[in-house]
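Reading through the structure tokens given below for one structure.
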Amino acid sequence: MTNHWVDIKNANLIVVMGGNAAEAHPVGFRWAIEAKTRNKAKLIVIDPRFTRTASVADYYAPIRTGTDIAFLSGVIRYLLQTGKYNKEYTLAYTNAALLVNPDFKFDDGLFSGYNADKHSYDKSTWTYQLDDKGMAKRDDSLSDPRCVINLMRDHVARYTPEMVETLCGTPKDAFLKVCEYLAETGAHDKTTSFLYALGWTQHSIGSQNIRTMAMIQLLLGNMGMAGGGVNALRGHSNIQGLTDIGLLSTSLPGYLNMPSEKEPTLEAYLAKYTSKPLADGQMNYWQNYPKFFISLMKAMWGDKATADNQWGYDWLPKWDKSYDVLQYFELMHQGKINGYFCQGFNPVLAFPDKNKVVSSLSKLKYLVIMDPLATDTSTFWKNHGEQNDVKTAEIQTEVFRLPTTCFAEEDGAVVNSGRWLQWHWKGADAPGEAITDAEILAGIFTRLKAQYAKDGGKNAEAIMSLSWAYGNPHEPKPEELAKELNGKALADIPDPKNPGQFLARKGELLSGFALMQADGSTASGCWIFAGSWTQAGNQMARRDNSDPSGLGNTLGWAWAWPANRRVLYNRASCKPDGTPWDKKRTLIKWNGEKWVGVDVPDFKADEPPGSAMGPFIMQAEGLGRLFALDKMAEGPFPEHYEPFETPLGTNPLHPKVVSNPAARVFAADREQMGKHDAFPYAATTYRLTEHFHGWTKHARLNAIAQPEQFVEIGEALAKEKGIAHGDTVKVSSKRGYIKAKAVVTKRIRALQSGGKTVHQVGIPIHWGYEGVAKKGFSANTLTPFVGDANTQTPEFKSFLVNVEKV
Ligand SMILES: Nc1nc2c(c(=O)[nH]1)N[C@H]1C(S)=C(S)[C@@H](COP(=O)(O)OP(=O)(O)OC[C@H]3O[C@@H](n4cnc5c(=O)[nH]c(N)nc54)[C@H](O)[C@@H]3O)O[C@H]1N2
Ligand SMILES: Nc1nc2c(c(=O)[nH]1)N[C@H]1C(S)=C(S)[C@@H](COP(=O)(O)OP(=O)(O)OC[C@H]3O[C@@H](n4cnc5c(=O)[nH]c(N)nc54)[C@H](O)[C@@H]3O)O[C@H]1N2
Ligand SMILES: [Mo]
């Protein structure tokens with residue numbers, strides 16, 4: 001979230017699209033209800049299904065799954081055509097006026113630079129026009145046809161209300177009604193908050209779904225504003241923390257980059273990621289990259305990291321390709337992986353193409369399961385009947401089960417969707433032989449290290465040099481890990497403004513990332529967490545909920561990254577002259593000397609209004625990007641591509657380019673994609689309030705609350721297929737089938753899309769064969785093995801099935 005949970009109450013309009021907050025985030029959703037009751041805010045829902053969120057909404061519009069970019073591009077077209085957007089904000093704070101490279105093009109579904117063999121783009125034309133100082137050129141009169149806003153207007157011109165209706169199946173009137181709601185919040189004193197989750201991310205065009213919405217928020221002037229923003233409602237407890245500390249194969253903690261083979265030296269690496277300004281006078285925070293990176297190296301290798309050995313750069317792995325989970329299971333499937341550590345992950349239920357997953361696990365020599373529960377994955381080798389019909393004798397994989405504690409059985413910090421690090425205390429001791437994940441990992445590390453010391457091995461120096469400064473090396477404590485992430489001074493840090501004084505003395509915990517140095521005198525495991533545990537103590541454990549402004553910016557409650565800031569880009573909540581766009585939403589303002597207010601300013605504290613510095617300080621030009629330059633895999637502007645399994649069989653906009661041209665699909669999986677003639681219905685998968693993934697089928701009360709696997713189909717489809725409410729149906733895709741009870745419902749209606757009737761099928765995800773609940777099928781028996789071109793998040797939300805009465 002750029003904003004935070006409580007801030008939702010400040011919105012005038014709440015759009016839930018690509019999520020179902022009332023069911024998946026029932027506690028946080030209270031803030032949407034608070035906005036409705038206190039602010040007379042309107043709540044609108046756009047979802048293929050009439051959800052429980054829709055049932056308390058002011059307006060609901062249906063949509064065909066996988067078509068949100070078309071819908072949102074139609075909204076952008078509407079805003080530009082009617083002029084109902086925040087023009088001052090757009091001109092001052094976005095790249096609308098900047099000039100784009102004359103060689104950048106979009107034609108018949110493809111942007112300039114496409115390489116059909118590699119399914120990827122040469123992005124060298126996705127740039128600005130630069131002046132002789134290397135700064136981006138701009139035309140504030142917006143008359144140059146190469147201005148971003150003019151190219152964008154041309155790009156979205158195709159998304160007329162009629163085209164939106166054709167692509168999305170959303171009736172034109174409903175679409176226009178949503179446009180009107182949104183346009184009202186283009187006023188300076190009105191905001192929209194978008195709440196989204198997997199309904200947007202789990203698509204082959206997932207990242208661009210979110211980007212299109214972010215562009216709308218920029219046009220409406222809602223970024224940086226209380227009650228505005230781009231608000232991802234995250235999933236697992238601490239999944240936000242997981243991304244923050246970089247547990248992705250191409251990331252390092254704090255959204256730093258894991259080096260690749262293309263950066264063999266530290267110099268090449270830092271040159272690539274230390275950004276240079278694209279506008280005169282711009283502070284761009286990534287100019288500090290070396291300070292954050294070298295501090296991380298010092299946290300990793302301690303005294304062993306020195307200037308002479310490039311702070312241990314050579315010890316870091318250099319990726320040749322992304323090792324996302326799709327890639328990893330593909331390699332496993334090809335027989336190239338010997339062993340797999342499966343920590344807090346149940347891939348047989350959670351990962352696409354369950355049959356491929358089980359066949360991949362069957363090729364391993366060993367599988368280690370770290371989990372508090374006996375998961376379905378841990379017994380993938382057992383024949384569980386129709387739900388897992390394997391030949392046990394043919395599976396040689398040795399499975400080790402290491403029982404762990406769960407979050408309620410240990411202390412630690414959980415980062416919520418609003419970036420708040422909240423310390424929590426354990427509620428109970430773990431039962432039986434369960435020990436913490438940290439103790440297991442430390443146990444493996446200390447043994448590996450001992451073995452390396454004895455026998456040597458590949459990259460031994462990296463293992464031998466790792467800093468492991470914990471009181472008990474076999475069991476690092478949450479407090480120790482938290483302080484390591486925060487960081488400390490390894491030498492006295494002099495204050496450049498006050499000679500003879502120090503910002504920190506040697507050994508002290510850092511009070512913030514501004515203290516970090518690129519000379520090895522500071523260490524920090526995750527720069528964005530600096531300030532969470534300082535000399536003043538554990539900031540994450542604070543529980544002062546005083547709220548002087550009433551906006552919910554409780555700066556004394558827990559601690560938010562970065563720098564305890566609650567609303568990102570809050571400089572943009574003020575006009576260029578430093579006064580707030582909307583007085584009742586004052587987060588910060590200029591007091592004549594510096595920026596002050598109820599939030600921590602997201603700007604240089606003493607940079608006066610009217611200077612050349614833009615508010616989006618993580619960007620080289622300081623502006624919100626309507627044109628994304630080279631940051632996205634499939635183009636600087638979003639474009640509608642069909643799901644890999646499309647019920648239309650074509651893309652009405654450009655039949656030659658049907659699905660995301662930059663998506664990575666493994667050859668064998670391409671063959672496993674179904675076609676609409678054999679699998680005519682558009683399916684999507686989702687959660688139920690009463691269950692949490694595959695855990696709660698181990699709990700009797702949840703199993704009683706939602707006792708049996710079902711699928712939802714509309715009345716029209718049920719009638720066509722002769723299916724009655726409560727019948728057992730077989731739902732099949734090209735990859736397998738499941739059987740479940742049919743729930744025939746008005747909540748899913750047939751849509752008219754692409755000149756035909758499209759029926760949608762809803763499939764909840766919570767069943768499997770382990771636990772106390774009635775057995776069921778992994779919903780992922782049906783789903784395709786393809787992901788978003790940027791993140792590789794699987795396309796769980798749009799695929800094709802057939803439905804038959806059993
Ligand atoms: N009770 C409960 N709560 C949970 C979880 C749980 O298992 N149980 N899981 C947690 C986790 S890990 C996560 S990530 C979150 C997920 O939170 P959500 O994303 O809100 O949950 P889902 O139910 O997967 O999907 C949300 C909605 O997306 C809709 N949808 C499907 N395709 C599309 C589309 O193309 N466009 C649009 N606009 N909508 C579409 C679905 O119909 C569904 O209503 O929930 C968290 N909360
Ligand atoms: N078709 C379809 N598939 C989906 C989705 C969908 O919407 N549709 N949603 C996707 C999403 S968003 C998610 S998040 C995944 C969820 O996929 P998983 O993360 O695989 O699902 P969980 O059942 O939550 O599994 C997590 C495991 O962690 C264990 N666990 C809990 N606490 C701890 C702990 O402290 N330590 C350890 N080691 N283990 C612990 C639990 O017992 C559980 O077995 O599913 C994904 N798959
Ligand atoms: Mo999730």
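The values are calculated or read from the model by the stated rules, or taken from the named source; none is laboratory data. These numbers come from a predicted model, not from an experiment. Heads up, the Cβs are rebuilt from the backbone with ideal geometry, glycines too, and the neighbour counts pull from every protein chain shown. Just the protein is used for accessible areas: all its heavy atoms, side chains included, with ligands, DNA and RNA removed. Shrake-Rupley method; radii C 1.70, N 1.55, O 1.52, S 1.80 Å.
What to note about this one:
- Out of 73, 112, 55, sole residue that is under 23 Å from residue 165 (Cβ atoms) and among the hydroxyl-bearing types (Ser, Thr, Tyr): 73
- Among residues of region 359-381, those that are open to solvent by 20 Å² or more (accessible area, probe 1.4 Å) and touching a residue at least 60 places away in the same chain (Cβ under 8 Å), counted: 3
- Flag if residue 24 is of a type outside the set (Phe, Trp, Tyr), in contact with a Gly (Cβ under 9 Å, 6 or more places away or on another chain) and within 16 Å of ligand 3 (Cβ to nearest atom): yes
- Restricting 33, 14, 44 to those that are farther than 27 Å from residue 622 by Cα and open to solvent by 30 Å² or more (accessible area, probe 1.4 Å) reduces the list to 33.
- Listed by first and then second residue, the pairs with beta-carbon distance under 9 Å, at least 6 apart or on different chains, first residue in region 452-479 and open to solvent by 50 Å² or more (accessible area, probe 1.4 Å), second basic (Lys, Arg) and not in a helix (DSSP H, G or I), are 471/477.
- Residue within region 777-788 that is of a type outside the set (Val, Ile, Thr), within 16 Å of ligand 3 (Cβ to nearest atom) and more than 21 Å from residue 390 (Cα to Cα) present: yes
- Of the strands (runs of 3 or more DSSP E) that lie entirely inside region 341-453, those containing 3 or more residues that are closer than 30 Å to residue 531 by Cβ span 412-415, 420-424.
- Residue, modelled with the highest pLDDT, within region 340-364, restricted to residues that are within 16 Å of ligand 1 (Cβ to nearest atom) and among the small types (Gly, Ala, Ser): 350
- Some residue of region 537-558 being exposed (fewer than 13 other Cβ atoms within 10 Å of the Cβ), among the hydroxyl-bearing types (Ser, Thr, Tyr) and within 17 Å of residue 5 (Cα to Cα): yes
- Only one of the listed residues (197, 187) is among the small types (Gly, Ala, Ser) and more than 16 Å from ligand 2 (Cβ to nearest atom). That residue is 187.
- Criterion: away from ligand 3 (no atom under 16 Å from the Cβ), touching a Gly at 6+ places or on another chain (Cβ under 8 Å), at pLDDT 95 or above and closer than 30 Å to residue 664 by Cα - qualifying residue of 367, 331: 367
- Selection of region 462-485 for residues being under 34 Å from the mean Cα position of the chain (by Cα) and within 23 Å of residue 313 (Cβ to Cβ) yields 462, 463, 465, 466, 467, 468, 469, 484, 485.
- Taking region 233-251 as the range and being within 12 Å of ligand 2 (Cβ to nearest atom) and among the hydrophobic types (A, V, I, L, M, F, W, C) as the test, the residues that pass are 233, 239, 242.
- Scan region 126-146 for residues that are open to solvent by 80 Å² or more (accessible area, probe 1.4 Å) and either in a strand (DSSP E or B) or of a type in the set (A, V, I, L, M) (or both) and the total you get is 2.
- Pairs, first aromatic (Phe, Trp, Tyr) and more than 13 Å from ligand 1 (Cβ to nearest atom) in region 227-255, second open to solvent by less than 20 Å² (accessible area, probe 1.4 Å) and not in a loop (DSSP other than H, G, I, E, B), C-beta under 8 Å, six or more apart: 255/244; 255/528
- The single residue among 40, 36, 87 that is closer than 22 Å to residue 227 by Cβ, in contact with a strand residue (DSSP E or B) (Cβ under 9 Å, 6 or more places away or on another chain) and at pLDDT 95 or above turns out to be 36.
- Residue within region 147-154 that is assigned to a loop (DSSP other than H, G, I, E, B) and open to solvent by 50 Å² or more (accessible area, probe 1.4 Å) present: no
- Residue selected from region 225-284 under the condition in contact with a strand residue (DSSP E or B) (Cβ under 8 Å, 6 or more places away or on another chain) and among the aliphatic types (A, V, I, L, M), by the criterion surrounded by the fewest Cβ atoms within 10 Å (Cβ to Cβ): 258
- Wholly within region 665-775, strands (runs of 3 or more DSSP E) carrying at least 3 residues that are over 26 Å from residue 388 (Cβ atoms): 751-753, 756-758
- Yes/no for residue 89 being more than 14 Å from ligand 1 (Cβ to nearest atom) and more than 20 Å from the chain's Cα centre (by Cα): yes
- Failed item in (1) within 21 Å of residue 638 (Cβ to Cβ); (2) without any contact (Cβ under 8 Å) to a residue 24 or more places away in the chain; (3) outside any helix (DSSP H, G or I), with residue 123 passing the rest: (2)
- Checked against (1) open to solvent by 10 Å² or more (accessible area, probe 1.4 Å); (2) assigned to a loop (DSSP other than H, G, I, E, B); (3) within 11 Å of ligand 1 (Cβ to nearest atom), residue 190 passes all but condition (3).
- If you check 74, 19 for being in contact (Cβ under 8 Å) with a residue 40 or more places away in the chain, within 16 Å of ligand 3 (Cβ to nearest atom) and open to solvent by less than 20 Å² (accessible area, probe 1.4 Å), only one passes: 19.
- Among the residues of region 222-237, the one identified as of a type in the set (S, T, N, Q) and away from ligand 3 (no atom under 16 Å from the Cβ) is 222.
- The residues of region 79-111 that are without any contact (Cβ under 8 Å) to a residue 24 or more places away in the chain and within 23 Å of residue 624 (Cβ to Cβ), listed by number, are 81, 83, 87.
Here's the yes/no breakdown for (1) within 24 Å of residue 650 (Cβ to Cβ); (2) surrounded by 24 or more Cβ atoms within 10 Å (Cβ to Cβ):
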position	(1), (2)
738	no, yes
741	no, no
756	yes, no
762	no, no
